[in-house]
1. Given Cβ point charges of +1 (Lys, Arg) and -1 (Asp, Glu) and nothing else, what value in debye, to the nearest 20, does the dipole of the stretch 358-477 about its Cα centre take?
2. Given a cut-off of 24 Å, what percent of all Cα-Cα pairs of the stretch 358-477 lie beyond it?
3. Pull up the cross-link candidates among the lysines for K234, meaning alpha carbon to alpha carbon under 16 Å and not fewer than 8 places away within one chain.
4. For the chain, place one equal point scatterer on every Cα, skip the solvent, and apply the Debye formula. What is log10 of I(q)/I(0) at q = 0.06, 0.09, 0.11 Å⁻¹?
5. Sorted by average packing, counted as other Cβ atoms within 10 angstrom per residue and highest first, what order do 447-457, 359-369, 345-355 take?
6. Show log10 I(q)/I(0) for the stretch 137-211 at q = 0.18, 0.19, 0.24 Å⁻¹, two decimals, from a solvent-free Debye sum over equal Cα scatterers.
7. As a test of the formula, what do you get for the chain when each DSSP H run with n ≥ 4 contributes -39,500 (n - 2.57) and the sum is divided by the residue count, at 222 nm and rounded to the nearest 500 deg cm²/dmol?
8. Farthest toward the dipole's positive end in the chain, which of S350, Y329, Q174, given Cβ charges of +1 (Lys, Arg) and -1 (Asp, Glu) about the Cα centre?
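The values are calculated or read from the model by the stated rules, or taken from the named source; none is laboratory data. Note that the coordinates shown come from a computational prediction; the quantities given were computed from them, not determined experimentally. Glycine also receives a Cβ, built like all others from the backbone with ideal geometry; neighbour counts cover every protein chain displayed. These accessible areas exclude ligands, DNA and RNA; they are computed on the full protein's heavy atoms, side chains included. Shrake-Rupley method; radii C 1.70, N 1.55, O 1.52, S 1.80 Å.
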Amino acid sequence: QVPLKPGRSLMDWIRLTKSGKDLSGLKGRLIEVTEDELARHNKKEDCWICIRGFVYNVTPYMEYHPGGEDELMKAAGTDGTDLFDQVHRWVNYESMLKECLVGRMAVKPIAVPKGESLKNEIISIMLYSILFGVFLLCFVFYSYDWFQTESLITIVVYTKQKDMNAELVIVDCQEKQLRGEIIVDDHSYLVEVDLDHAVQEDLTVDIAEKVGKVEIILKKKDNTHWKMLGQPLKGHNTFIKCTDRGLFYRKCKLVSKTEVTHDTKLFCLQLPKSTHLHIPTGQHIYLKQIIAGTEIVKPYTPVLPFLPLDFKEPSCRDGAHIYLMIKIYSCGLFTQALDHLQIGDYISVSNPEGNLKKSKVQAAEELFLLAAGTGFTPMVKLMNFALTEVSCLRAVKLIFFNKTEEDILWRNRLEQLALKDERFEVQFILSQPSKDWVGKQGKISSSLLSEFVKRSRKDSKVLICICGPTPFTEQGVQ
């Protein structure tokens, strides 16, 4: 970096781009630039540079460039993409130089007469500038860049989120289509392109949590030099509410299916090598199947492969598998179809959804979990998170409602955990007990809850979570 003159800071440059001044020199027009035309603009007082097929007039930016004028002049009148990747690959040049956009490089050779396509592309760029100009500041923070080596392609997103983590990044690469979604509160930023060339199956996601930098690293199938990352797809480079995205699915392979009780099984689904997905605590996914020509979708909350008995250390995150505890209903169309899946079969799995905030759990001193049947499944990861990572937590109490003893999921593990961890307590309540049952019986009611859901101290901060069939949940909330 070189010292800049007073009034030449990044913020000064942003102010200039918002001033309405004609920075491109074309008074808002966009043109098609030939190589000869580009080469003529190679002086400090008249400098054009091409980056990834787009031409910018960087003349007004000369004095604002942190690397100095000489560095910019190395690419004057030429395609500066490779030089840019070597030195400035993290910079969001598309936002920084948006008002300096001259146009697009002419495509050659042109084998057919010029039609309306280029004109339409230029009009699209102009509309993009107009429609999204008000979002300039947003895209300074949520934007992407990419660079390449001989064997790797790296897509970089700077989110400016200091608490960025693996659960907030979802990446899929299906055939040549790359989709990278980054969750920011109730919004998400999306990179979605049809890649220029094929890549290998496995991908890597690196996250610098302190600065919010996300890197998606792809391995080239061959050592071809990419001229561009790829063609933008529908949702590319957008920052919108998560609920407006729609559900995205990938095919996951069934690798195991084991009995938990007489009618409930633990399904283990393997994510594709080209998928990065960690499902947050308290969130669910959707399974999608085509049954009798009809698309059917059902939500399920992932669990752990087993219930740990030692919550002193965070459990190892398995980013390759999803575990689902599913009750198979004799008259259930969807669960019967699931039960008939063979090992090696595939099923479509969506991105996670849910609105549980970890901050609510982290603020609790006592956590009460009311579960009925497979409503126990969301409680598994919640217990794991609470007992492992919530330092102020004094007690976790599970009140688990079932019909019979045979219906109780992971009963032995829960009882062992209660013996081993003094913070944890479990209470089983049966609605159709055998004559040998000595525990509590009945259905959810005010009298039962008043017996078990009690503060240990008057000022104790309590969080109550409830899940089960709709009547159970509604009555429990009341």
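1. Details: 18 positive and 14 negative charges, 63 e Å.
Dipole of the stretch 358-477, to the nearest 20 debye: 300 debye.
2. Values: 1640 of 7140 pairs.
The calculated P(r) of the stretch 358-477 puts 23 percent of pairs beyond 24 Å.
3. K176
4. -0.39, -0.75, -0.97
5. Values: 447-457: 12.5, 359-369: 18.1, 345-355: 16.5.
The most tightly packed comes first, giving 359-369, 345-355, 447-457.
6. Ignoring solvent entirely, the Cα scatterers give -0.77, -0.85, -1.28.
7. Values: 13 runs with 103 residues, N = 478.
Calculated at 222 nm, the ellipticity per residue is -6000 deg cm²/dmol.
8. Y329
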